[in-house]
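Input: a single structure, listed below in structure tokens.
The values are calculated or read from the model by the stated rules, or taken from the named source; none is laboratory data. Given the structure is predicted, the values throughout are model-derived calculations rather than measurements. Backbone-built Cβ (ideal geometry, glycine too); neighbour counts: all protein chains shown. We work out accessible area using only protein heavy atoms, side chains counted, and drop any ligands, DNA or RNA first. Shrake-Rupley method; radii C 1.70, N 1.55, O 1.52, S 1.80 Å.
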Amino acid sequence: MKTTETPAPVPAEPGTPVLKTEASPGGLRQGKKEGTALNVFSHGVLVIWAIMVGMPLVWAVMTSFKDDASIFGSPWSLPDKLNFDNWSRAWSQAHMSDYFLNTVLVVGGSLIGTLVLGSMAAYVLARFEFPGNRFIYYLFIGGMSFPIMLALVPLFYVVDNMGLLNTIHGLILVYIAYSLPFTVFFLTAFFRTLPSSVAEAAFVDGASHTRTFFQVMLPMAKPGLISVGIFNFLGQWNQYMLPTVLNTDPDKHVLTQGLVQLAVSQGYKGDWSGLFAGLVMAMLPVLAAYIIFQRQVVQGLTAGALK
């Protein structure tokens with residue numbers, strides 16, 4: 001048998017020049033300048049966007065503490081004094097307290113139901129293979145693309161025939177059905193990123209599917225649950241079309257319906273300070289929820305995108 005031998009490299013002669021490749025200082029400077037320019041441009045765009053988003057919020061908060069004369073006389077100036085009477089008037093006389101309570105009941109119940117049902121469906125679709133798995137998954141995705149306007153009339157008759165029209169629990173069920181497609185779509189991708197070895201170890205220890213889901217997999221999916229919970233909270237808190245069609249009882253109106261009534265009534269009365277106070281009341285829970293859970297939202301999005 002013949003073996004092929006690679007010849008040894010011939011050393012260079014002492015007088016032979018050796019070429020060295022070095023990065024030119026000019027190229028480094030040019031790359032650094034381009035990176036600095038891009039950094040300045042991106043930060044400038046972010047600053048402009050922050051001003052565009054933040055200025056209306058700050059202005060609304062300032063206006064809620066002014067009187068009506070100051071609102072029209074000096075709309076961009078700081079309030080001379082903090083008129084907390086605007087807030088108390090909007091809370092009591094404009095019935096914002098009732099609207100707020102109804103909204104908390106509806107959104108709280110629908111959010112819990114959406115997360116529980118959506119996480120269970122997403123876990124099954126992500127972890128178990130069975131005939132029709134992909135078909136059911138694509139049905140949920142199709143529900144995301146279905147315009148809610150097309151379902152308002154048949155939805156009204158269905159809810160009316162079930163005796164759930166103008167009820168809090170009827171609105172909760174509709175909100176759950178409205179939010180489930182996106183929740184299942186989001187959490188299915190998230191459950192696929194979780195390690196299966198943990199669930200297999202739980203099965204070896206004798207845990208059932210139910211116990212494994214609630215005690216092992218669901219705590220591991222906490223970042224995804226918080227992220228999709230925030231998105232559902234924003235959508236359900238600001239929902240106006242569904243309660244307008246399905247909840248016509250004035251005593252059970254939610255916050256968005258109350259703000260419309262407040263705008264109409266206070267507009268005729270000229271009580272603009274009370275109107276802005278009610279607007280800030282409706283806006284604060286959404287801002288507080290996002291500020292508190294912003295880190296978890298980012299963690300849930302990145303964890304669901306990377307495997």
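Descriptive notes on the structure:
- Here the Karplus relation 6.51 cos²θ - 1.76 cosθ + 1.60, evaluated at θ = phi - 60°, turns the backbone of region 65-77 into coupling constants of 9, 9, 8, 4, 5, 6, 4, 8, x, 9, x, 9, 8 Hz, with x for every Gly and Pro.
- Computed FRET value (nearest 0.05) for PHE72 with VAL104, which takes r as the C-beta separation and R₀ as 51 Å: 0.90
- Ordering of 233-239, 56-62 by burial proxy (mean other Cβ atoms within 10 Å per residue, highest first): 233-239, 56-62
- In terms of overall dimensions, the C-alpha atoms belonging to region 84-304 reach 68, 40, 28 Å along their principal axes, ordered largest to smallest.
- For region 65-104: rounded, prolate or oblate by the Cα gyration tensor [a/c cutoff 1.5]: prolate
- With the gyration tensor restricted to C-alpha atoms of region 131-255, the semi-axes of the equivalent ellipsoid amount to 34, 16, 14 Å, longest first.
- Put VAL254, VAL158 in order of accessible area, highest first, and with a 1.4 Å probe you get VAL158, VAL254.
- Shown are ASP249, ASP98, whose ranking by accessible area with a 1.4 Å probe and every protein chain present, most to least, is ASP98, ASP249.
- Rg and Dmax of region 31-120, both derived from C-alpha coordinates alone, stand at 21.7, 63 Å.
- Karplus (6.51, -1.76, 1.60) ³J(HN,Hα), θ = phi - 60°, over region 226-243, in Hz, Gly and Pro reported as x: 5, 5, 5, x, 5, 4, 5, 4, 4, x, 6, 5, 8, 5, 10, 5, 5, x
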